[in-house]
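Engineer: Provided herewith is a single structure, encoded as structure tokens, for subsequent inquiry.
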2 protein chains.
Amino acid sequence: MPAAVATFDDVLAAAARIAPHAHATPVLRSAGLDALAGCSLAFKGEHLQRAGAFKFRGACNAVWSLSAGEAANGVATHSSGNHGAALALAAAGRGIACHVVAPSDAVPGKLAAIAAYGAVVHRCDPGIDAREAACAGVVASTGARLVHPYADPAVIAGQGTAALELLASAGPLDTVVVPVGGGGLAAGTALTLAACAPDCRLVLAEPAGAADAHARLARGERLEAFTPRTVCDGLRATLGEPGHDILRAHGAEVLLVDDADTVAAMRLLWQRLKQVVEPSSAITLAAVLAHPERFAGQRVGLVLTGGNANLDALPWDA
Amino acid sequence: MPAAVATFDDVLAAAARIAPHAHATPVLRSAGLDALAGCSLAFKGEHLQRAGAFKFRGACNAVWSLSAGEAANGVATHSSGNHGAALALAAAGRGIACHVVAPSDAVPGKLAAIAAYGAVVHRCDPGIDAREAACAGVVASTGARLVHPYADPAVIAGQGTAALELLASAGPLDTVVVPVGGGGLAAGTALTLAACAPDCRLVLAEPAGAADAHARLARGERLEAFTPRTVCDGLRATLGEPGHDILRAHGAEVLLVDDADTVAAMRLLWQRLKQVVEPSSAITLAAVLAHPERFAGQRVGLVLTGGNANLDALPWDA
């Protein structure tokens, strides 16, 4: 079991634990995007991960970290989508039950995936308070083990394996850019960089309409009555305490990104890489393109976090 | 130089000739799509080819097959998009001029790519007659060498290299499905299968609204006053004579596909493979899904021919 605070040793243990279950995703490059950005971009393709997002790493590590007794009544979580689908798939792989509490404004395709992987979906009102209350009720009534989407140390350790693979495939990097929502990926990445690439800068890309990580890490302020407004449905959570503590200690920098820049970057990734990534993934490229002076000439790693974009309405539909 | 009729020896020569310039694209698989189709699907990812389509293979082979004297005044072609972009990129690689005659209804993004690769774009009216007349004019005035998009033997031989790589990566296949428009890819694939996998069936997927290959190969009829109506902008050409002859001799089968099925298959490929493919690519999966009894339990290879989809209007745009 990981300690109450995740460490890089936990990341290494997670890498070994999830290896039989998770994909080692490819690193993708584009000479055209390098020319546009003025730096060398290495995209870690986690949209090609099982269940379509890096979230499978953390969920899988958490599920397989449980003892048989702890796992007996299954697992439960609250999630706007990708963590729920990842936990459902990981639980199915271990043959245990999974309960997912999802807000009513979640992307329909993500909810369908959760159900298709065999989990029980419990709907709740939007907002982190309603989600946590509904999830506590499910845990109490089922005896399922809570796997929090970004505060669980086993989840943070699992997310840190993406950066480990990125460094192993892409070679030395000057900067790594990841999106920040609840902070699980960001914190796991910080653990990996601190151990393996201490001179590599960590930049967190956050929607300008959901800027609580920026408020806390850059200004030391906590936003009151936080209501996220962003196209990045995966980044609407507030920064969790474990992630906050790791990121503050690491000195991670936060760049705010407008949704229009994120959508433009998403179109570029679809056109140039031919990869379907969701808005929460494209925010990393948007951050680089919006601040060229901060990345000029560097070797930059970016995690394409997920590919579960809402494709309900495409231009080709009659 | 290839003979007037392409042979499998020309395919092998093309493979060696284009190797320094073209990508060896990956074969992609999806357990979810296999379950949906009831067969084992091996997708050859030519949307990840240079210039975003398999067309680079044939164009590159044609450009590098020319003697220095033949190449001196550059190359010219007519194309709805992907062949034009491919020829422009191949010509740039050899450092020679390129002229592309494109119809006024071509996808804007494809025309932009042609110009970005350094070719001169000449606009013409839609329809194969107008295209060929305009192209003849350009050839006469510039001295450029015509590289026909699907009737040139060097182009057919180059397209045949995609199936060669597919077999080498995917192993034995029971059926290969490719789209058919002008017939260059279809004919090149037939040459490769006849030599390397004579028991492997070749199925051509054709839009129901542009069914001239079906008329000629299945019924021996030539359509009068052919006006294609299909979302598959890469498949609006009529079957060329060299392709027709090779495909008739090979006994290739044609399946007609409705555009609605193609768009549904394209959404599936975007959702499950996370790959941006254009409608003309998705028609192969649509053909398999529309005729499950013809593919049940088989090992099926499908060429994802290109990824240059029109992304001008996405659901996320404000």
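Engineer: Using only DSSP helix segments of four residues or longer, with each worth -39500 (n - 2.57), what per-residue ellipticity at 222 nm results for chain B after dividing by its residue count and rounding to 500?
Structural biologist: -13500 deg cm²/dmol
Engineer: Separate question: Taking the number of other C-beta atoms within 10 Å as the exposure measure, put A:189, B:7 in order starting with the fewest.
Structural biologist: B:7, A:189
Engineer: Within a Cβ distance under 12 Å of residue B:32, other residues only, what is the Lys/Arg minus Asp/Glu net charge?
Structural biologist: After counting each charged neighbour, the total is +3.
Engineer: A further question on this structure: For the protein assembly as shown, what does the convex hull of the Cα positions come to per residue, in cubic angstrom?
Structural biologist: Hull volume over Cα atoms, normalised by residue count, gives 147 Å³.
Engineer: Right, another one. Treating the point 7 Å from Cα along Cα-beta-carbon as the label, what are the nm separations from residue A:218 to the other copies, to one decimal?
Structural biologist: Taking the point 7 Å beyond Cα along Cα→Cβ, the inter-copy spacings are 6.1 nm.
Engineer: Just grab the label-to-label distance for residue B:130 and residue A:133, each label 7 Å out from Cα along the Cβ direction, in nm (one decimal).
Structural biologist: 6.4
Engineer: Past the 35 angstrom mark, what percentage of all C-alpha to C-alpha distances in chain B do you count?
Structural biologist: For chain B, the share of Cα pairs beyond 35 Å comes to 13 percent.
Engineer: With respect to the cross-link table entries A:55/B:110; A:44/A:274; A:55/B:55; B:44/B:274, which display a Cα-Cα separation exceeding 26 Å?
Structural biologist: Exceeds cut-off: A:55/B:110; A:55/B:55.
Engineer: Another question, then. Taking the Cα centroid of the range B:134-173 and of the range A:16-75, what is the distance between the two, rounded to the nearest whole Å?
Structural biologist: For the range B:134-173 versus the range A:16-75, the Cα centre distance is 39 Å.
Engineer: Taking the DSSP beta bridges in the protein assembly as shown as the whole, what percent of them are antiparallel, to the nearest 5?
Structural biologist: Bridges in the protein assembly as shown are about 10 percent antiparallel.
Engineer: Kindly write out, for the range A:266-281 in residue order, the coupling ³J(HN,Hα) from the Karplus curve 6.51 cos²θ - 1.76 cosθ + 1.60 (θ = phi - 60°), rounded to whole Hz, with x marking Gly and Pro.
Structural biologist: So the J values, rounded to whole Hz, are 5, 4, 4, 5, 5, 6, 8, 8, 6, 10, 7, 10, 8, x, 4, 7.
Engineer: I need the calculated FRET efficiency for the pair residue A:169 and residue B:225, taking r as the beta carbon distance and R₀ as 60 Å, to the nearest 0.05.
Structural biologist: Efficiency for this residue pair is about 0.65.
Engineer: Would you tell me the mean number of C-beta atoms belonging to other protein chains that fall within 10 Å of each C-beta in B:262-274, as a whole number?
Structural biologist: Mean number of neighbouring Cβ atoms from other chains: 4.
Engineer: Compute the relative contact order of chain B as a whole-number percentage, counting only Cα pairs closer than 8 Å that sit 6 or more residues apart in sequence.
Structural biologist: In percent, rounded to a whole number, it is 22.
Engineer: Using DSSP, restrict attention to beta bridges with both residues in chain B and report what percent are antiparallel, rounded to the nearest 5.
Structural biologist: Among the beta bridges of chain B, antiparallel pairing accounts for roughly 10 percent.
Engineer: Could you pull out every residue, at least 5 positions away or on a different chain, whose amide H is within less than 5 Å of the one on residue B:42? Hs are placed 1.01 Å off N in the peptide plane, and Pro or chain starts have none.
Structural biologist: HN-HN under 5 Å from residue B:42: B:300, B:301, B:302.
Engineer: Right, next: With a ≥ b ≥ c taken as the square roots of the eigenvalues of the C-alpha gyration tensor of the range A:1-120, please select rounded if a/c is under 1.5 and otherwise prolate if a/b is larger than b/c or oblate if it is not?
Structural biologist: Cα axes put the range A:1-120 in the oblate bin.
Engineer: Right, next: Where a ≥ b ≥ c are the square roots of the eigenvalues of the C-alpha gyration tensor, would you call the range A:193-308 rounded, which needs a/c under 1.5, or, failing that, prolate if a/b is larger than b/c, or oblate?
Structural biologist: Oblate shape, in that a/c is at least 1.5 and b/c is the bigger or equal ratio.
Engineer: Okay, next question. Please give the residues of the range B:90-111, grouped as numeric ranges, whose backbone N is less than 16 Å from a label point set 7 Å along the Cα-to-Cβ vector of residue B:72.
Structural biologist: In the range B:90-111, the label zone of residue B:72 (backbone N under 16 Å from the point 7 Å along Cα→Cβ) covers B:96-97.
Engineer: Can you work out D for the range A:70-216 in µm² s⁻¹ from Stokes-Einstein, where Rh is the Kirkwood radius over C-alpha pairs, the temperature is 25 °C and the viscosity is 0.890 mPa s?
Structural biologist: Rounded, D is 150 µm²/s.
Engineer: Nearest 10 degrees, 0 to 90: what angle lies between the long axis of helix A:55-65 and the longest principal axis of chain A (Cα atoms)?
Structural biologist: So the inclination is approximately 40 degrees.
Engineer: How would the range A:56-146 be classified by its alpha-carbon gyration tensor: rounded, prolate or oblate, with rounded meaning a/c under 1.5 and the a/b versus b/c comparison settling the rest?
Structural biologist: Oblate is the answer for the range A:56-146, as a/c is 1.5 or above yet b/c matches or exceeds a/b.
Engineer: Related question: Give, in nm to one decimal, the length gained when the segment between residue A:23 and residue A:142 is fully stretched (0.36 nm per residue of separation minus the Cα-Cα distance).
Structural biologist: Difference between extended and current length: 39.7 nm.
Engineer: Then there's this: I want to check the label-to-label distance for residue A:267 and residue A:31. Put each point 7 Å from Cα in the C-beta direction and report it in nm to one decimal.
Structural biologist: 2.5
Engineer: Distances from residue B:198 to the same residue in each other copy, label points 7 Å out along Cα→Cβ, in nm, shortest first?
Structural biologist: 6.7
Engineer: Still on this structure: In nm to one decimal, list the spacings between the residue A:133 label point and its equivalents in the other copies, with label points set 7 Å along Cα to Cβ, shortest first.
Structural biologist: 7.4
Engineer: Whole-Hz ³J(HN,Hα) for each residue in the range A:138-146, computed from phi via Karplus 6.51 cos²θ - 1.76 cosθ + 1.60 with θ = phi - 60°, x for glycine and proline: what do you get?
Structural biologist: 5, 4, 5, 7, 10, x, 5, 8, 5
Readers should treat all values here as calculations from the given coordinates under stated rules, not as data from a laboratory. Since the structure is predicted, the reported quantities are computational estimates derived from the model, not experimental observations. Methodologically, a virtual Cβ is constructed for each residue, glycine included, from the backbone with ideal geometry; neighbour enumeration extends over all protein chains shown.
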